[in-house]
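What follows is a short report on a single structure.
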Amino acid sequence: MIYKFEVLITPFQLSRTIHLYLPDNYEESDERYPVIYMYDGHNLFRDQDATYGKSWGMETFLNNYDKPFIVVGMECNHEGQKRLDEYCPYEVENAYFGKIQGQGKPFMQWVVDELKPYIDTHYRTIPFRECTMIGGSSMGGLMALYTVIKHNDIFSKAACLSSAIGFCFHELQDELNQANLQSDTKIYMDWGSEESRHKRGLAYATSQNLEMSHQLVLRGAQTYPHLIINGKHNEATWEKQIPIFMDYLWK
C-alpha cells in the first residue's frame, strides 16, 4: 500500500511529499516493522510519480519479499538546481553544474530530528538503529552514504546506488576520518560500467568507490562494493539491484 502525505521541511520552510509504503496486512496486524528511509522517494514505487516515467518497481518487490518493511520515500526538490543543493552535504564547485550550495547537512538533520520521530510516533516501527536503513541513488546515494557516516547511531545500514561521491570525494574522506562506525554497519555501494562516457571515467569511478569502501572498512563497517556490468545511471538498472542490496543488508 502506498500513501502520500505532505510534511514541512522546517530548515527550508518548504512543503514536501512523503511516499510511504506499508505492508498489505498493516491494518489487520499489530506487528512492528523495520524501516527503510529513501531519498528521491517519488522514484521508488509508481511510474507515474517518477521523474523520467520509470520507477524502481519497489512496491512489487516488497509485496513478494519474505520480510516486511515500512518504506519512507522522501520526494526531492524539483525546482531548478535545488535537488543538488539539498542532496550535497558540502558547498562545492562543479565544472558542469557550477556552485552547489551544500544544504545536505540541515536536510539530513531534519530527517533525523523530525521525520524519523514522526514516523516512529504515527506508525508501528521498530525504531532501533539495527532495524533502520537509509538509501538512495546518484545524489541520493551520496546523501545516504553521508547520513550513515554522520548518524551511525540512527542508521545501521545504507544502500548507496551510483552515488555521486565525485562531487565531494575528499570532503567525504575527511568526514570519514573522524568517524567511528559500529561493527554491525553494512553499506552496499554500486556503480555501472555504462555510466561513464569513456573507460577513463569508469576507472575513476571504480577507483573512488573502492577507495571509499576500503576506508569504510578501516573505520569498522562492512561493505559490498558492486560494479554492475552494463549498468546505467537510471531507474531500470537500480531496480535490478533491489534484491541484491536487500539480501545483503537484511539477511
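The values are calculated or read from the model by the stated rules, or taken from the named source; none is laboratory data. In this text, all values refer to a predicted model and were calculated from it rather than measured experimentally. Methodologically, a virtual Cβ is constructed for each residue, glycine included, from the backbone with ideal geometry; neighbour enumeration extends over all protein chains shown.
Within the stretch 183-202, does at least one residue satisfy the condition of being part of a helix (DSSP H, G or I) and of a type in the set (S, T, N, Q)? Before you say what the answer is, go through the steps one by one.
Taking the stretch 183-202 and keeping what is part of a helix (DSSP H, G or I), we get 199-202.
Then keep just the ones that are of a type in the set (S, T, N, Q); that gives none.
No, the stretch 183-202 has no match at all.
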* To do: Mind listing whichever residues of the stretch 116-142 are in contact with a Pro (Cβ under 9 Å, 6 or more places away or on another chain) and among the polar types (S, T, N, Q)?
  => Thr125, Thr132
* Which numbered condition Thr51 fails, given (1) of a type outside the set (Phe, Trp, Tyr); (2) in contact (Cβ under 8 Å) with a residue 12 or more places away in the chain; (3) not in a loop (DSSP other than H, G, I, E, B) -> (3)
* To do: Give the stretch 104-130 a look and list any residue that's within 19 Å of Cys160 (Cα to Cα) and crowded, with 19+ Cβ neighbours inside 10 Å, or say none.
  => Gly104, Phe107, Met108, Val111
* **Filter result (without any contact (Cβ under 8 Å) to a residue 12 or more places away in the chain and part of a strand (DSSP E or B)) within the stretch 99-149** => Lys99
* Since Ala179 meets every condition but one in (1) among the small types (Gly, Ala, Ser); (2) assigned to a helix (DSSP H, G or I); (3) surrounded by 14 or more Cβ atoms within 10 Å (Cβ to Cβ), which condition does it not meet? -> (2)
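I'd like to verify a number: residues in the stretch 177-197 that are at pLDDT 95 or above and touching a helix residue (DSSP H, G or I) at 6+ places or on another chain (Cβ under 9 Å), how many?
Going through the stretch 177-197, the residues at pLDDT 95 or above turn out to be 181-195.
Applying the additional criterion that residues be touching a helix residue (DSSP H, G or I) at 6+ places or on another chain (Cβ under 9 Å) yields 181-182, 184-195.
The number of residues fulfilling the criteria is 14.
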* Asked: Mind checking which pairs have a first residue in the stretch 67-86 that is in contact (Cβ under 8 Å) with a residue 24 or more places away in the chain and under 16 Å from Ser137 (Cβ atoms) and a second that is of a type in the set (S, T, N, Q) and part of a loop (DSSP other than H, G, I, E, B), Cβ under 6 Å, 6 or more apart or different chains?
  -> Arg83/Asn77; Glu86/Asn77; Glu86/Gln103
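Looking only at the stretch 36-92, which residues are among the hydroxyl-bearing types (Ser, Thr, Tyr) and either closer than 17 Å to His233 by Cβ or surrounded by fewer than 23 Cβ atoms within 10 Å (Cβ to Cβ) (or both)? Talk me through it step by step, then tell me what you get.
Taking the stretch 36-92 and keeping what is among the hydroxyl-bearing types (Ser, Thr, Tyr), we get 37, 39, 51-52, 55, 60, 65, 87, 90.
The answer is Tyr39, Thr51, Tyr52, Ser55, Thr60, Tyr65, Tyr87, Tyr90.
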